[in-house]
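> For reference, the structure I am asking about is given below.
The values are calculated or read from the model by the stated rules, or taken from the named source; none is laboratory data. As the structure is a computational prediction, the values presented were derived from the model and not from experiment. FYI the Cβ positions are ideal-geometry reconstructions off the backbone, even for glycines, and counts take in every protein chain you see. With ligands, DNA and RNA removed, areas are computed over all heavy atoms of the protein, side chains included. Shrake-Rupley method; radii C 1.70, N 1.55, O 1.52, S 1.80 Å.
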Amino acid sequence: MEIFNDILKFSWIDIIDVVLVALLLYYAYKLVKGTVAINIFIGIVVIYFIYLTVEALQMVLLTKILGGFISVGFIALIIVFQQEVRKFLLMIGSTNFSTKRGFLRHLKFLKTEGISTSITDIDAVIAACNKMSSSKTGALIVLERNNNLDFLAGTGDEMNIKVTQPIIESIFFKNSPLHDGAIIIQDNIVKATRVILPVNNEKTIPQRFGLRHRAAVGVTERTDAIAIAVSEETGQISCFRNGEFLPFKDTTELAEILKKDLD
């Protein structure tokens, strides 16, 4: 009977509360999706719902045990999800409400005709990577997603060029003054070149990979961006997401994966 009384007392404040919690869970899931942390996240959600159930059923012993686990486990969660917490805070801190990269861009169902984005031409990016791979031209391409990368773009030269295969190839041409460093692509626009990326020195990667690949690991650990590296020594194309190698059979499969991630 108390449950029905609570339902009847459901107000618009409660509706907002439920919507905000749903959004929080959605963004938390989005941050850990595709990583090992997703299993931990699901486990935590399951334990929390079990806690709510046993509390509603007034199972005192289980309620105290699970309640103690949840209260003490909060600090442990910050340690376990250190990278994800960093990404979440970065996403909140870099949100710009006045631009299309702002909060409304993340909430697709709130978009209007005046808020539109241009999807990055992945086919052009991959075609350029294939060409540079055949000529063993080193390259490092960062594809911006939800986290704003202006704090990294400021370390390089600001650009505003539409993404095309010839443009990317010309930037990384060995005699080009712009070839050193990374480029950042946002909404089919090369927004910066010669960008200095944070380098990962902790994670063990194969000996054949050098500074370019460590930078790719570093930027994808700290943000939700995707990085593509072309080796200058071997011509091999590598892709990184969440600080890890993104496995793919060939560049056709890689293109399909990137299109889904950037959609």
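> Of the listed peptides 12-24, 175-187, 53-65, what is their order by residue-averaged count of other C-beta atoms within 10 Å, with the highest listed first?
175-187, 53-65, 12-24
> Can you give me the distance in nm between label points at Asp157 and Asp180, each placed 7 Å from the Cα along the Cα-to-Cβ direction?
1.2 nm
> Turning to a different aspect of this structure: Could you tell me what percent of the accessible area of the range 117-192 is made up of carbon and sulfur, with a 1.4 Å probe and every protein chain present?
Ligands and nucleic acids excluded, carbon and sulfur reach 52 percent.
> Something else now. Considering every Cα-Cα pair within the range 117-263, what fraction, in whole percent, is farther apart than 21 Å? It would help to have the intermediate numbers written out before the result.
Numbers: 3690 of 10731 pairs.
In whole percent, the long-distance tail amounts to 34.
> Report the calculated FRET efficiency for Ile65 and Phe245 (r = Cβ-Cβ distance, R0 = 41 Å), to the nearest 0.05.
0.55
> Can I ask one more? Would you please state which residues of the range 123-138 a label at Thr252 would reach in this model, taking the label point 7 Å out along Cα→Cβ and a backbone N cut-off of under 20 Å?
123-134
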